[in-house]
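In what follows, a structure is listed as structure tokens, so that the remarks can point back to it.
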Amino acid sequence: MTERTGPLVELRDVKVHFPIKSGLLFDRTVGYVYAVDGVSLSINKGETYGLVGESGCGKSTLGRGLLRLVEPTAGEIVFDGTDIRSLKGESMRRARRRMQMIFQDPLSSLDPRQSVESLLVEGLKAHGLADDKAATNRRLRETLAAVGLPASALAKYPHEFSGGQRQRIGIARALVLDPDLIVADEPVSALDVSIQAQVLNLMEDLQNELGLTYLIIAHDLAVVRHIADTVGVMYLGGLVEEASSDDLYREPMHPYTKALMSAVPVPDPTVEDRRERILLAGDLPSPTNPPAGCRFHTRCPWAQPTRCVDERPALRDVLGGHRVACHYAEDIAAGRIRPHEVAPELVRPDDGAGPGDTGELIPTP
Amino acid sequence: MSLLDVRDLSVVFQRRGERPFTAVDKVSFSVEPGQTVGLVGESGCGKSVTSLAIMGLLPKRGNRVSGEVLFEGADLLKLRPDDMRDRRGRDIGMIFQDPLSSLNPVVPIGLQVAEVLERHRGMNRKAALKEARELLDAVGIPDPMRRLKEYPHQISGGMRQRALIAIALACKPRLLIADEPTTALDVTIQAQILTLLKQLVDETGTALIMITHDLGVVAGLCDTVNVLYGGKVVERAARHELFGRPRHPYTHGLLSSVPRLDSPRGERLHAIPGSVADNIPWVEGCAFAPRCGNVVDACLEGTPPLEPTATGGDLRCNNPVSEEVAVP
């Protein structure tokens, strides 16, 4: 692992709210989708921060908000000492060289009519780094070699590659600009299992060689557990738990994290037969109209009367760096509160006035 | 007699001017009453095409299906389309991956469940709707009376999948085929649906064919597991046997390349090199040979046969992983 010196990225109370417009003549705002609602976290240099949560929890929006691909509504995003929300136009564009993104589906994020060379050079040109032809060419070859593709790939087009290779091109495109931070939104979920492992190993190797900092957004807890140093769990726009990967998986403290972990199937029948599942009742409530108080109280088997409904728990440090947003985390851990039955509440995909879809708010790229 | 006996099932896709593509290549397996059988493999291994061929749902043109699909002794591939339609939904139910695209968006949920009952059990609309309400209740849809009149877009993804299960189980089929039933769902919802499926299968004694790419889902659910690669079964074993002592290098590779929630951190994943070939596999030797670490000369000369193992399974490999080698 690379040496770690202080945070590279700090988010302070970041909010991303999307207005819901309605009306024929005037675009009246009739409500908001509270996609990200007050998230604070910091990512150290050379570290991998994993963000997990189910669809609609705001994890992708947070990643995009960090790069200002969607404009945050409020909060501070400090990248290497500067608040990038205060940057404008050209200075923001230049700052983007240092933060790059890897998308989920390489087929739809790579232009089918551009050759690999043109895809890779585009970023260099945009940042005025492609003046010297020979140097550019060398840079492209180095980058391709780093992601395990032959130099002959330069003349080819995305459709000529397999899914795993396409994702390597996506990674190369991010790497070619020599960034400090890479935000990877579901980098392996479109890939087959045997290919997933190749790409995850590659990302780890690149981090060790180049000292990259990663923000990895994924719904697959096993993947995040494998690759991340610190893991943050999101539920309905808020961070509910954050801890080092080992601590979180050894002792999840938030009821939602507990349920999430117990729901992940393990490819081992002996483990599966003995496991106790915490089955959550019902579905994720709509982020246009999040429950008052603790957002998880409608599905929480440990919810206690009044306080969970009245007061939104803040993320607080419980045990040396293990942060939890639950009023009763200690009581649950000590077994002083027992889980109870929860009746499923019906959740409508079109709650409020938002366009009703599968519950996924932001079409994932 | 087995409930379902698939013998040498092949599906060859043929487009004019192109080389024929063998998607499913002499696949044989059987399902006993009440048993849960898994078909596992990565994209392109032929698992979904196998299920569509069993159900007779492949398009009429552009493909050639051969072999036998014996359901209680009768060959489904030889049935007339009308007779097959009688069986689908009544004897064999099917659940698809994406409930939004397999439900009719302009027909209320209740009617879609009732339709099956009217068609196969000759019920009138009123009785069918009453039964539909009970079915929705049985699959855990809250307030089923109101749900009957609602459209698929008005309920969440997990509820839609429950509605689809209600439709598939409406006629109490003896066999249920579930093709990636939880892939489109979040993990907590996936856990709900898998628990529901397991419970329904236990209660009704329905046999289940579970098609999935997720080894975790198989580990908790299936009695017997068939691993497919390039359209062929490469390994078949009982659940504990397969996960405890995988013999085929592909199965072994798959199991060691998945990151596990309960494994220690910081170890490198054992990736399988290369990727599935696009060309027609199995013609010149084992299709997995180019990616295999155990490859021997015999692997490049003709298809290795599927042979019974000492532990009651079947294996298609010249140089299997030794039984002592554990999954890392």
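Table: residues versus (1) charged (D, E, K, R); (2) surrounded by fewer than 16 Cβ atoms within 10 Å (Cβ to Cβ); (3) assigned by the TED database to the domain that holds B:V201; (4) at pLDDT 90 or above.
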site	(1), (2), (3), (4)
B:R236	yes, no, no, yes
B:R239	yes, no, no, yes
B:F243	no, no, no, yes
B:E284	yes, yes, no, no
B:E301	yes, yes, no, no
B:P305	no, yes, no, yes
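Residues in the range A:209-248 that are touching a residue at least 24 places away in the same chain (Cβ under 8 Å), more than 21 Å from A:A146 (Cβ to Cβ) and among the acidic types (D, E): A:D220, A:D229, A:E241, A:E242, A:D247. Among the residues of the range B:69-97, those that are outside any loop (DSSP other than H, G, I, E, B), under 18 Å from the mean Cα position of the chain (by Cα) and not small (G, A, S) comprise B:V69, B:L70, B:F71, B:L76, B:R88, B:I92, B:M94, B:I95. The one condition from (1) over 23 Å from the mean Cα position of the chain (by Cα); (2) surrounded by 14 or more Cβ atoms within 10 Å (Cβ to Cβ) that A:G89 does not meet is (2).
When the range B:30-43 is filtered for residues that are buried (at least 19 other Cβ atoms within 10 Å of the Cβ) and under 23 Å from A:Q196 (Cβ atoms), the ones remaining, listed by number, are B:G38, B:L39, B:V40, B:G41, B:E42.
Take the range A:150-169 and flag every residue that is of a type in the set (A, V, I, L, M, F, W, C) and either more than 11 Å from chain B (Cβ to nearest Cβ) or under 26 Å from A:R96 (Cα atoms) (or both). Scanning the range A:150-169 gives A:A151, A:A153, A:L154, A:A155, A:I169.
Considered as a group, the residues in the range A:95-127 that are more than 23 Å from the chain's Cα centre (by Cα) and among the basic types (K, R) include one that is surrounded by the most Cβ atoms within 10 Å (Cβ to Cβ), and that residue is A:K125. Checking each residue in the range A:174-208 for being of a type outside the set (V, I, T), closer than 17 Å to A:E122 by Cα and in contact with a helix residue (DSSP H, G or I) (Cβ under 6 Å, 6 or more places away or on another chain) picks out A:L175, A:L177, A:P179. If you check A:R166, A:R96 for being in a helix (DSSP H, G or I) and touching a residue at least 40 places away in the same chain (Cβ under 8 Å), only one passes: A:R166.
State yes or no: is A:E311 exposed (fewer than 14 other Cβ atoms within 10 Å of the Cβ), touching a residue at least 12 places away in the same chain (Cβ under 8 Å), facing chain B (nearest Cβ under 10 Å) and in contact with a Gly (Cβ under 7 Å, 6 or more places away or on another chain)? For A:E311, the condition - exposed (fewer than 14 other Cβ atoms within 10 Å of the Cβ), touching a residue at least 12 places away in the same chain (Cβ under 8 Å), facing chain B (nearest Cβ under 10 Å) and in contact with a Gly (Cβ under 7 Å, 6 or more places away or on another chain) - is not met. Please specify each residue of the range A:209-219 satisfying the condition of being more than 11 Å from every other protein chain (Cβ to nearest Cβ) and surrounded by fewer than 22 Cβ atoms within 10 Å (Cβ to Cβ). Residues satisfying the conditions are A:E209, A:L210, A:G211. Is at least one residue of the range A:24-47 closer than 22 Å to A:A126 by Cβ and buried (at least 18 other Cβ atoms within 10 Å of the Cβ)? No - not one qualifying residue is present in the range A:24-47.
Confirm whether A:A130 is in a loop (DSSP other than H, G, I, E, B) and in contact with a Ser or Thr (Cβ under 8 Å, 6 or more places away or on another chain). Give the derivation first.
Working: in a loop (DSSP other than H, G, I, E, B): yes; in contact with a Ser or Thr (Cβ under 8 Å, 6 or more places away or on another chain): yes.
In short, yes.
Quick grid of which residues meet (1) crowded, with 19+ Cβ neighbours inside 10 Å; (2) without any contact (Cβ under 8 Å) to a residue 60 or more places away in the chain; (3) among the basic types (K, R); (4) more than 14 Å from chain B (Cβ to nearest Cβ):
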| residue | (1), (2), (3), (4) |
| --- | --- |
| A:L129 | no, yes, no, yes |
| A:T136 | no, yes, no, yes |
| A:A145 | no, yes, no, yes |
| A:G148 | no, yes, no, no |
| A:I171 | yes, no, no, yes |
| A:V188 | yes, yes, no, no |
| A:Q196 | yes, yes, no, no |
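Summed over the range A:254-281, the residues that are within 28 Å of A:V33 (Cα to Cα), part of a loop (DSSP other than H, G, I, E, B) and more than 8 Å from every other protein chain (Cβ to nearest Cβ) give a count of 2.
Restricting the range B:231-247 to residues that are assigned to a loop (DSSP other than H, G, I, E, B) and more than 18 Å from the chain's Cα centre (by Cα) leaves a set whose member that is nearest to B:A287 (Cα to Cα) is B:R247.
Only one of the numbered conditions (1) more than 14 Å from chain B (Cβ to nearest Cβ); (2) closer than 18 Å to A:M101 by Cα; (3) surrounded by fewer than 18 Cβ atoms within 10 Å (Cβ to Cβ) is not met by A:I182, and that is (3). Against the conditions (1) in a helix (DSSP H, G or I); (2) modelled with pLDDT of 95 or more, B:S48 satisfies every one except (2).
Is it fair to say B:L164 is out of contact with any Gly (no Cβ under 8 Å at 6 or more places or on another chain), crowded, with 24+ Cβ neighbours inside 10 Å and either within 30 Å of B:V69 (Cβ to Cβ) or within 13 Å of chain A (Cβ to nearest Cβ) (or both)? It would help to see each step written out before you state the result.
Details: out of contact with any Gly (no Cβ under 8 Å at 6 or more places or on another chain): yes; crowded, with 24+ Cβ neighbours inside 10 Å: yes; either within 30 Å of B:V69 (Cβ to Cβ) or within 13 Å of chain A (Cβ to nearest Cβ) (or both): yes.
For B:L164, the condition - out of contact with any Gly (no Cβ under 8 Å at 6 or more places or on another chain), crowded, with 24+ Cβ neighbours inside 10 Å and either within 30 Å of B:V69 (Cβ to Cβ) or within 13 Å of chain A (Cβ to nearest Cβ) (or both) - is met.
Look through the range B:119-155, keep the residues that are closer than 23 Å to B:L194 by Cα, more than 10 Å from every other protein chain (Cβ to nearest Cβ) and hydrophobic (A, V, I, L, M, F, W, C), and return whichever of them is surrounded by the most Cβ atoms within 10 Å (Cβ to Cβ). Among those that are closer than 23 Å to B:L194 by Cα, more than 10 Å from every other protein chain (Cβ to nearest Cβ) and hydrophobic (A, V, I, L, M, F, W, C), it is B:A132.
Conditions tested, residue by residue: (1) part of a loop (DSSP other than H, G, I, E, B); (2) in contact with a His (Cβ under 6 Å, 6 or more places away or on another chain); (3) touching a residue at least 40 places away in the same chain (Cβ under 8 Å).
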{"residue": "B:G285", "(1), (2), (3)": "yes, no, no"}
{"residue": "B:N294", "(1), (2), (3)": "yes, no, yes"}
{"residue": "B:G302", "(1), (2), (3)": "yes, no, no"}
{"residue": "B:P305", "(1), (2), (3)": "yes, no, no"}
{"residue": "B:A310", "(1), (2), (3)": "yes, no, no"}
{"residue": "B:C317", "(1), (2), (3)": "yes, yes, yes"}
{"residue": "B:E323", "(1), (2), (3)": "yes, no, yes"}
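Here's a check for you: in the range A:198-208, which residue that is touching a residue at least 40 places away in the same chain (Cβ under 8 Å) and hydrophobic (A, V, I, L, M, F, W, C) is farthest from the other protein chains (Cβ to nearest Cβ)? Filtering first and then ranking leaves A:L206.
Does the range A:235-253 hold any residues that are out of contact with any helix residue (DSSP H, G or I) (no Cβ under 8 Å at 6 or more places or on another chain) and within 7 Å of chain B (Cβ to nearest Cβ), and which are they? A:D246 - this is the single residue of the range A:235-253 that is out of contact with any helix residue (DSSP H, G or I) (no Cβ under 8 Å at 6 or more places or on another chain) and within 7 Å of chain B (Cβ to nearest Cβ). Residues that are more than 20 Å from the chain's Cα centre (by Cα), at the interface with chain A (Cβ under 7 Å from one of its Cβ atoms) and over 11 Å from B:C292 (Cα atoms) within the range B:248-257 comprise just one, B:S257. Considered as a group, the residues in the range B:189-214 that are surrounded by fewer than 24 Cβ atoms within 10 Å (Cβ to Cβ) and facing chain A (nearest Cβ under 9 Å) include one that is nearest to B:L306 (Cα to Cα), and that residue is B:H213.
For first residues located in the range B:1-21 and within 18 Å of B:V69 (Cβ to Cβ), partners that are part of a loop (DSSP other than H, G, I, E, B) and basic (K, R) and lie 6+ apart or on another chain with Cβ distances below 8 Å form the pairs B:L3/B:R174.
The values are calculated or read from the model by the stated rules, or taken from the named source; none is laboratory data. Nothing here was measured: the structure is a model prediction, and the numbers come from that model. Methodologically, a virtual Cβ is constructed for each residue, glycine included, from the backbone with ideal geometry; neighbour enumeration extends over all protein chains shown.
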